[in-house]
Each structure stands twice: as structure tokens, then as C-alpha cells.
1. Just check the stretch 260-316 against the gyration tensor rule for me: Cα atoms, a ≥ b ≥ c as the square roots of the eigenvalues, rounded for a/c under 1.5, and otherwise prolate or oblate depending on whether a/b exceeds b/c.
2. Once the dipole of the chain is set up with Lys and Arg at +1 and Asp and Glu at -1 on Cβ about the Cα centre, which of Ser558, Gly266, Gln192 lies farthest towards its positive end?
3. Here is the link list: Lys51/Lys258; Lys553/Lys598; Lys119/Lys216. Which ones come out longer than 23 Å on Cα distance?
4. In what order do Phe279, Phe26 fall by count of nearby beta-carbon atoms within 10 Å, going from fewest to most?
5. To one decimal place, what Kirkwood hydrodynamic radius in Å is obtained for the stretch 150-248 from all pairs of distinct Cα atoms?
6. Note down the Stokes-Einstein diffusion coefficient of the stretch 510-636 in µm²/s, whole number, using a Kirkwood radius over alpha carbon pairs, 25 °C, and 0.890 mPa s.
7. Can you give me the relative contact order of the chain as a percent, contacts being Cα pairs under 8 Å and 6 or more apart?
8. Using a 10 Å cut-off around each Cβ, can you sort Ser459, Ser321 from fewest to most neighbouring Cβ atoms?
Amino acid sequence: MSHYHIKDLEQYYQAYRKSVSDPEIFWDEIASDHFLWRKKWDSVLEWDFSKPEVTWFKGAKLNITENCIDRHLTTLGDKTAILFEPNNPEEAAQHITYKELSQRVNKFANVLKQQGIKKGDRVCIYVPMIPELAISVLACARIGAIHSVVFAGFSAAALSTRINDADCKMLITADGAYRGAKTIDLKGIADQALELCPGVASVLVIKRIDAEINMKQGRDQWLAPLLVNASDQCVPEIMDAEDPLFILYTSGSTGMPKGMVHTTAGYMVYTAYTFKNAFQYTEDDVYWCTADIGWITGHSYIVYGPLANGATTVMFEGVPSYPDYGRFWDIVQKHKVSQFYTAPTAIRALAKEGTDLIDHYDLSSLKVLGSVGEPINEEAWHWYNDHIGKKKSPIVDSWWQTETGGIMITPIPYVTPTKPTYATLPFIGIQPAIMDENGKELIGNRVEGRLCIKYPWPSIARTIWGNHQRYKETYFSLFDNMYFTGDGALRDEVGYYRITGRVDDVIIVSGHNLGTAPIEDAINEHPAVAESAIVGFPHDIKGSALYGYITLKDNGESSHHDKLRKEINQLISDRIGPIAKLDKIQFTDGLPKTRSGKIMRRILRKIASNDTANLGDISTLLNPEIVQEIISSALET
Ligand code: WT7
């Protein structure tokens, strides 16, 4: 019996048990029955977490776009694949059918080929949330080029670092972007980035806002005229199961962002299977994930997962506050959205606006409400449940990561009873472990510790681009033979999981994963700064916001401090992007350090959260006196 569509709790447990006792048989069946293969695999799974090395469906041949597009054409050709809702509500929505998607992807793929892009080449995509973003991604996959999407809110510096790290040959971008009432000079930012990227030979520019832009002779070309002459037929490149499909960067606690590499077959199988079940997607549903395709959520659950299931997936160009805070609900009503997947930070921002606006809209089409990106707090959970779901749509609090490729711990709606703030049960095939600080697995219920996964799943990232050693150190060295997630978690009395947050130096701001080190590096570039440390502190809307402790070379006049605050935030914005700006900056005479010179962020975290009653043991500090000083001056800021 196929477990492709899980319909009740008994079936979930059956499938789960089988996925643990006979993982290879389990995944062999899922993969055989629901996808299009040019050749079947020689082995389902080979793995060794000590290397680490994982292969799924080794030897199989396929193209993911045949699975996401071509195979639907005979039955679903006229069905809407991508439903594009523009930034401006007055502009008409676009219904792109599977047939049209096929033609547009093929044309784009042929343009890429004409421009000399071949299997294995890296193509950077820096495009706002317009249909061409999804189409570029799929066009790369069609010809076996490895896409590296960079979120269009990132700065020139962040873009150039990512382009160079992956050695991209081509950049796809747009003349600009609409974002609420603003327009963004995307091409200008790209031009600035490209000054540092000698490897980029060609740039394709999509016209979106009709801006006057610079076109560099011999490098830049408008996409539209190239598409006119391109054929709408393109034979797909036949890929190996383990050929890289894409690179996507995520922040680490130190150093460069990590280019996570996802490969083809396992990623396809797992994202499709989780999409089907975590959203209980059925044929006539309209599914909407509000994320940007610049993040993993968009890759897996706007593009690949939904399209592999022949779904209608909404792409929204704008922001929740434009033209007013009713926009999300306007879109739900207008397109009769059945599944709505968003982030706690958006839920909190909308909740702050009250419920008057919501009452103007008919939200009765909603069946499933998803949440992802950070722990959802109890208040937001109830607000979402009461006011959006009207207590009848289950909340799917789905925990996963860029590295995991797909949803890992989640309720299955209408199957798993939900519990506020709990991601509930592992998805089928996922074997979590909660570990104590000494590396011992905590068995049984009512335990709390570090969250690891002890067995491979099909969509685990296979490496960090160009740095397998770092991949090993980051994820596989803290605990033997386990993937370490960087999150803390607890398992309650019935075995439900609650994610308690990051245990490393990654801070999640408005659902964006930010490493402290790159931000500190940006701050330290300021000539007046001697040293800095960033911590997160609780924030009503963003979940966490950033608090910076900064020591100046010369503390000087405090009248200069406001000017410095502005300059420092500008630097951060230039180096990383506006999302990484600090909410609070405190200038201090020093930072609490251990004897080995490590900044004790634990203490800084407590001060930032105004929780100084119990600072714990500070006796190991080199300079314990600084703590009181920081507390007193914090009260003044
Ligand atoms: C980190 C991964 C995967 C989608 C977007 C974020 C946090 C994600 C949840 C959740 C609690 C969550 C974790 C994780 N996180 N979803 N439902 N409950 N925490 O991807 O940028 O790679 O961030 O986001 O801390 O490690 P990402």
C-alpha cells in the first residue's frame, strides 16, 4: 500500500514505523510510484555520517523539470501552475498555466544555452518575486545549470560575495523591483556588485519597472528580445540523482555564508512528499506561501514541491502592509487560497493591526495555516488560530532549515492533533534525537537538549560549496554520527517536540537567519570601532532583534554617538542588507571576556533582555567589573 498521501493518524504511525525500520524499502516505494525517472536507481541509500557522505537513489537519471512540468501537461496543461499577484493590487493577477509555464521555461532555457551556459555551470539569480524568478530557476534546472538564488533584498557586497564563492558565470537580474510604495534600483545594486565579480561574463536583465538603467556593452542584455526568437521546445538535460540542483547561502555563526548544496533526486522526492502531506494538498486547492524564492522556503514550497504535485502556487510580489495591512486577506479572498504558509514575524505584525481589517474579508476558503522560520510564540499561535483560521484550520508549525531542504518536524493537518508552540511530531523518515551537553542521547519523554537527526533523509544538503571540511565541522563534529541542527528542543510527555531556539550564535530576526560574526565584521570596519558583540533580544514583532555592544577606540563625546549609530547601521546595511541593522546600540568601555578571550555573550544576552537578576557564574571572566558598568550604562541608553 502506498503511503504517498497520509490521511489519518494510524496511517502516519504505520508509515513512520516503516520509514524507520525499512527506510530503503519505504523510500523506494515513494520514489517509484510518484515520479518520472529516465532510469531507476542502483541503490536507494548509501551513507556515512563520519565522512560525511550521503547518496540517495544513486545511479538514477531524471530531470526535475520533467517532474514539475512536462508530466502534468496532458492532464493539467490548462491548470494554473503559477498564480502571480503583483505588488500593486490594481494590476491584474497572472494565471500561468502548466502549458504556458512549459513554453516559458523552455524558451528561457534555450536562451541560457545560447549564452553558453552548460550543465554544471553556476548561474546567480538576483530577481524580485515576479514569475521570471521561478522561470529562471526552472530554466537552469532544465539544462542542468546550478542555480544560486540571492534574495533581492541583499546588498551589493552580499551579492558579490555569493557570486564569487560559487564562481557564477552569469547573473540574471531585473531593471528594478517594486516593494510596497517603493521601487528598488536592483540593477544599480547588481552593477556595483559586479565590479567585484570578474567571472560574470553575461548579465540578463528582466524588465519590470521600466527604469532608465545602465546596460554595459558586451555584458548586459535585455531578456525579452532574446526570448522572442527562442524555441519553446527544449530537450531536458538528463541528470544523475546526485548532480547538484542548486546552491543556496545561509548564515553561519562565523565567517562567510555557507553555500548549501542540494542535489536532484532526493530533494525532489522529499519536497514533493512533504508538500503533499504537510499541507494536505488536494487537486483543486490554491496554495500560497508568502516567503520569497530567495530563501529555502520559496525553493522547496513555492517552486519545486508544489509544482511536482501539479499544484497551483501563488507568487506574491508585494509586502503585507501595502496598500494596507489587509493585503494578505485580500489575496486570500480574491484567489480563494486554501493553504496559507507564512512566518511568525508576519503574523505578529498583522496581529498588531487588530482585527477590523480582517473582518472585511471572506477567509472561508482557508483549510490549512502554516508557520515557519522561528518558534511561534503562544500569543501569535492563538491569534492566527482564532482570527485567521476561525478555530477550524489546523496550524502547521513546521520546523526545518536551509540545510534540511524540506520540512522535518510538523503536524500533518487534520491528522496530528496540534498543540500551541509545538512542531509536534517528526515527519515520516525523520529520526530526531535530543542530546545532552556531554553528547549523550536523552531517551524517553520530558527531556530537553540539543536537537540532532540521527539518520539521513532524502533532501539533506550534501555539502557546503567548495568547503566540505566546514560542512563536516559545522554539522557532524559536535555529536558522533549525527547531524547537529544548531537548535535546542524539548520532547514533552507525549513525545511532541517544541523547538526552543538556536543554541549557537545565529539569531533569527523576522524569520531571517543571521550570523553574529558577519555583522560584527561589518561594524568593526568603522574606523572609530575597537570591538563589538551582537546578541539577540526579544522583540514583539521580529521575534528577536539585534542589540550591539560596541567599544570605541576613543569613547570621546557622547554627543557623537547618534551620528555613529547611524553610520554603523549604514555600514551593516551596505555589507549585509537592511535586515541586519541593529535595533539598539550601546557603547561600552569593554566587553566581558573569558580568560581565553572569548566574549561571554550569555551575559550580554541577559543584559539586552533586561534580565540581570541572575547572571550566573561570572567568576571565570577576565574583567568581571565590566559587567556592572554595562548594566548601569544600559539603563541610560
Ligand atoms: C532555522 C533555520 C526553513 C525555513 C526558513 C528558515 C528556525 C525554522 C522553525 C519553527 C522554530 C524554526 C530554526 C532553524 N526555525 N522553522 N517552525 N520553529 N524554529 O530557514 O534560514 O535555514 O533557518 O530557523 O532555528 O534552525 P533557515
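1. Verdict is oblate for the stretch 260-316.
2. Of the options given, the answer is Gly266.
3. The answer is Lys119/Lys216.
4. Least to most surrounded, the residues fall as Phe26, Phe279.
5. Here the Kirkwood hydrodynamic radius works out to 15.1 Å.
6. 164 µm²/s
7. Reported relative contact order: 12 percent.
8. Ranked by crowding around the Cβ, least crowded first: Ser321, Ser459.
Coordinate-derived values only; no laboratory data. None of these values were measured; they are calculated from a predicted model. Note that we place each Cβ from the backbone using ideal geometry, even for glycine, and neighbour counts take in every protein chain shown.
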